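*Asks:* The structure's right below; bear with me while I get my questions together.
Only the coordinates and a few stated rules stand behind these numbers; no lab work does. This is a predicted model, so every value here is computed, not measured. Virtual Cβ from ideal backbone geometry, glycine too; neighbours counted across all protein chains shown.
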Amino acid sequence: MPSRKFADGEVVMGRWPGSVLYYEVQVTSYDDVAHLYTVKYKDGTELALKESDIRSQSSFKHRKSQSSSSSPSRRSSRSRSRSPGRPAKGKRRSASQSREYKDDKKKAIQETTLALPVLVLFKPSENNTKRYNGEPETTEKNDTSCIILEQKLKPDLEIKRVLEQYSLRPRKEEKKKEEFYSEKKTFLAIKPVEKIPAKTKDLEFGGRIGTFMLMLVLPATVLYLLLMCKQDDPSLLNFPPLPALESLWEWRVFGIFLLWFFLQAVFYLLPIGKVVEGLPLSNGRRLEYRINGFYAFILTAAAIGALLYFQFELHYLYDHFMQFAVSAAAFSLALSIYLYVRSLKAPDEELAPGGNSGYFIYDFFTGHELNPRIGSFDLKYFCELRPGLIGWVVINLAMLLAEMKIHNLSVPSLSMILVNSFQFLYVVDALWNEEAVLTTMDITHDGFGFMLAFGDLVWVPFVYSLQAFYLVGHPTTITWPVAAAITVLNCIGYYIFRSANSQKNNFRRNPTDPKLANLKFIPTATGKGLLVTGWWGFVRHPNYLGDIIMALAWSLPCGFNHILPYFYVIYFICLLVHREARDEHHCKQKYGLAWERYCQRVPYRIFPYIY
Ligand code: NDP
């Protein structure tokens with residue numbers, strides 16, 4: 001077995017992924033299985049590098065001394081690789097040497113300027129970008145003094161010319177620039193920006209014990225909530241009697257669930273809708289995704305309409321709600337087992353950064369493989385938005401019809417209309433903006449395991465529809481002014497949620513979009529910027545704030561008799577606070593000092609002046 005070459009704590013030169021640039025880094029750990037070194041750059045960024053991408057510092061010093069003994073022409077071309085202005089150790093310059101040195105320095109500066117565009121493409125220098133985006137002078141600069149160009153970079157005057165204008169300010173959409181931007185995008189596309197998945201060391205969700213407990217607690221919570229909702233008095237202390245086990249399962253219900261799941265799969269496979277690329281993976285590759293969730297929704301609406309037209313009793317769903325939830329849970333468990341088994345054969349580079357601990361329970365829960373696919377069928381992406389999310393709207397509709405039937409109403413109650421409309425808007429919005437899901441943590445970081453399978457197929461449709469389910473058994477009357485106030489609240493939440501998400505997604509997809517010209521950002525070592533004005537300068541997760549405001553608006557139509565319909569908003573605040581902490585942790589690892597500066601500029605996480 002080959003032994004490791006570099007020790008923990010050793011300071012070496014690490015290649016920036018996808019480039020020819022070497023930076024001074026410190027080895028922090030080594031993964032024996034993946035044969036990857038985790039190294040820390042000076043700005044705090046941590047990456048996993050192969051041994052072939054690491055050199056000892058002495059090998060670079062050796063090069064420098066070689067260059068000084070070569071011919072003058074060679075010397076001048078190599079001088080660029082030194083820190084300008086640093087004399088050889090222990091030597092004093094004579095006057096002529098000093099003149100020669102100044103000439104060398106001048107040349108070095110000129111050459112560095114020519115090389116700058118390439119540097120900008122690989123790693124935007126902060127002081128350069130800052131000049132254009134209006135960051136204050138006090139903004140921290142990247143330490144570029146340790147950059148060593150290993151080979152002469154051919155100055156591309158066309159690229160340089162355009163890059164000199166690299167800015168987020170509005171400008172004419174000239175054809176040449178468009179060509180450049182598409183060229184730049186391709187360049188960035190092949191540049192691996194994410195960490196190559198090494199072993200997951202920081203275990204989340206309470207580690208092995210925590211994830212094991214969650215696998216028991218989550219299904220139990222669904223069961224508890226649904227049983228509570230069925231009770232006349234759903235007070236917390238009025239614990240519901242446990243149902244007989246055989247009453248929880250019905251093959252017919254399971255068959256309908258399977259039919260639903262596979263119908264959505266067929267809709268997903270239809271060759272309608274555009275195909276887009278996701279964010280670059282750790283190996284630089286981008287996966288393709290078909291964007292047709294909204295079409296799937298329309299086709300589903302047509303199918304449900306046809307069922308209703310032919311007198312199908314949709315409130316069958318209400319009558320067998322618990323059995324549907326149990327069927328979905330059984331299916332998600334079977335799916336998780338399949339996902340884990342197949343992940344054992346997945347190549348290392350396809351494993352999820354957060355689900356590769358080597359502990360069965362942990363990896364099973366968080367998801368071992370990042371993007372499990374059967375051919376081009378992406379299982380995680382499909383489950384994220386289709387069967388569960390569209391299923392949620394269908395369940396809400398079934399509850400509305402059940403309310404009308406049970407209470408002999410000619411029109412649904414105002415509360416039910418509000419809950420249905422708000423959540424309908426939320427789902428339609430998610431499907432309409434389906435592409436945005438490709439930049440979320442679920443797709444880019446989390447593997448597909450029990451957590452997402454259960455979350456997408458059970459938790460979302462059966463817990464998020466709790467308010468509508470509650471209203472069927474517990475009619476609540478609200479006045480028009482109250483309904484109007486709740487609607488305004490929902491609109492405010494939606495506006496914050498949508499505009500914050502769009503702002504970030506547009507910025508991630510095309511930072512040079514003229515529509516974003518008024519926004520400022522902090523450049524980071526990975527090449528991505530962090531917005532510091534607009535919504536992302538208001539709080540660090542404005543989209544979560546909007547989402548929580550909406551969650552409150554969904555619960556308010558249920559009145560104040562019981563806390564049960566408020567379960568969603570309480571749980572959601574806990575979820576998003578925890579998710580925010582996870583995201584901060586990942587961003588700190590990804591962006592190092594730049595993230596700390598962002599946190600200083602934008603001190604509140606979700607709630608301004610509170611948290
Ligand atoms: P976000 O959409 O909030 O994305 C977080 C990522 O955004 C970070 O990892 C970082 O990724 C990037 N980012 C952070 N700060 C900045 C900045 N200042 N400028 C630019 N980019 C930045 O993540 P989620 O996946 O958690 O949420 C997506 C949406 O889904 C949210 O609206 C959320 O409310 C909603 N949601 C809903 C749930 C539900 O059950 N209803 C559950 C979870 C989420 P990078 O830099 O790598 O691009």
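*Asks:* What is the distance, in nm, between label points placed 7 Å from the Cα along the Cα-to-Cβ direction at residue 407 and at residue 585?
*Replies:* According to this spin-label approximation, the distance is 4.4 nm.
*Asks:* From the phi angles alone, apply the Karplus equation (6.51, -1.76, 1.60; θ = phi - 60°) to the range 562-577 and give each ³J(HN,Hα) in whole Hz, x where the residue is Gly or Pro.
*Replies:* Coupling constants for the range 562-577: 9, 7, 3, x, 8, 3, 4, 5, 5, 4, 5, 4, 4, 4, 6, 5 Hz.
*Asks:* Further question on the same structure: If each residue of separation counts as 0.36 nm, what is the full-extension length gain between residue 611 and residue 428 once their alpha-carbon separation is subtracted?
*Replies:* 62.9 nm
*Asks:* Right, here's the next one. Nearest 20 debye, what's the magnitude of the dipole of the range 228-366 about its Cα centre given +1 on Lys and Arg Cβ and -1 on Asp and Glu Cβ?
*Replies:* Once rounded to the nearest 20, the dipole reads 460 debye.
*Asks:* Hey, another quick one. Of 504/528; 40/345; 5/588, which ones are farther than 20 Å apart at the Cα?
*Replies:* Over 20 Å apart, Cα to Cα: 40/345; 5/588.
*Asks:* Here's a follow-up. May I ask you to derive the relative contact order of the range 205-476, considering only C-alpha pairs under 8 Å and at least 6 residues apart, and to give it as an integer percent?
*Replies:* Here the relative contact order equals 27 percent.
*Asks:* Moving on to the next point. Express in nm, to one decimal, how much length is gained between residue 220 and residue 360 on full extension, taking 0.36 nm for each residue of separation and deducting their alpha carbon distance.
*Replies:* Length difference between fully extended and current span is 48.2 nm.
*Asks:* Over all directions, average the projected area of the Cα convex hull of the range 478-610 and note it in nm².
*Replies:* Projected over every direction and averaged, the Cα hull of the range 478-610 covers 9.1 nm².
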